[in-house]
Amino acid sequence: MPKLTRQQIIILSIMGLVILFAIYDVFIAARSKAEPIDIGKKTSELEAFLSNITSKLPKGSLPTSDAYILSRAETGWVHDPFYERKSFREWEKRKERARAGGISQKVSFSYSGYLNVGNKNLAIINGVEYEAGNRLEIEGYVLKKIYAGKVVIVNEKSGAKFDVPLQE
């Protein structure tokens, strides 16, 4: 048998220790049996703890500072603090215009997919599949033509045509 190197001796001795520990753990060490949990006892301890905590809480009205904090927490926010001020102002202006109903909002289309199945052409616009001639979910708009690279959408009221390119 060839002479073992120092590294091999260390590895074999560690492996021997692990095997000895495994034998000790499986056969020699006494297994402790888990005591069954008495649910009734645990429940009574929990109820005693809760009654103790409840009895120590102050009775009556809240201090004025706590009442003020609660009243402020319950009121609605005037604006979202996570918006930038500029973005919030622009959002407020659009919201006011929408309430007034005067200025129409700009409509945007997202042509994200083209399918050619047999003799059918399908376009995916704003996440919905359409064939040529179908009305879009946005009222007043009809899909006139479908090409691989673009679609033609027509506004029925004004007759305006929109060429929407495929977004990849």
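The values are calculated or read from the model by the stated rules, or taken from the named source; none is laboratory data. What you are looking at is a predicted structure, and each value in this text was computed from that prediction instead of being measured. Every residue, glycine among them, receives a Cβ derived from its backbone with ideal geometry; neighbour counts consider all protein chains shown.
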Checklist entry - What number goes with the only condition from (1) surrounded by fewer than 16 Cβ atoms within 10 Å (Cβ to Cβ); (2) under 13 Å from F109 (Cβ atoms); (3) of a type outside the set (A, V, I, L, M, F, W, C); (4) within 33 Å of the chain's Cα centre (by Cα) that D163 does not pass? => result (4)
Checklist entry - Which of the residues that make up segment 39-62 are surrounded by 10 or more Cβ atoms within 10 Å (Cβ to Cβ) and at pLDDT below 80? => result L62
Checklist outcome for this item: Contact list, first residue from segment 128-143 and among the small types (G, A, S), second anywhere and loosely packed, with under 12 Cβ neighbours inside 10 Å and assigned to a loop (DSSP other than H, G, I, E, B), beta-carbon distance below 9 Å, six or more apart or interchain, is G140/E156; G140/K157; G140/S158
Next on the checklist: Tell me yes or no: at least one residue of segment 27-38 is at pLDDT 90 or above and among the basic types (K, R).
Outcome noted: no
Checklist entry - Among the residues of segment 116-129 satisfying the criterion of being part of a strand (DSSP E or B) and over 29 Å from the mean Cα position of the chain (by Cα), which is surrounded by the most Cβ atoms within 10 Å (Cβ to Cβ)? => result N121
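Only one residue in Y111, Y68 is within 30 Å of G140 (Cα to Cα) and at pLDDT 75 or above. Which one? Spell out how you get there, then give the answer.
Details: Y68 fails: within 30 Å of G140 (Cα to Cα).
Only one candidate qualifies: Y111.
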Next on the checklist: Please go through segment 105-154 and give me each residue that is within 30 Å of K95 (Cα to Cα), in contact with a Phe, Trp or Tyr (Cβ under 9 Å, 6 or more places away or on another chain) and of a type in the set (S, T, N, Q), ordered by number.
Outcome noted: N126
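For segment 130-160, which positions are over 17 Å from S108 (Cβ atoms) and either surrounded by 14 or more Cβ atoms within 10 Å (Cβ to Cβ) or of a type outside the set (D, E) (or both)?
Just the residues of segment 130-160 that are over 17 Å from S108 (Cβ atoms), to begin with: 131-135, 144-149, 156-157, 159.
Scanning segment 130-160 gives A132, G133, N134, R135, K144, K145, I146, Y147, A148, G149, K157, G159.
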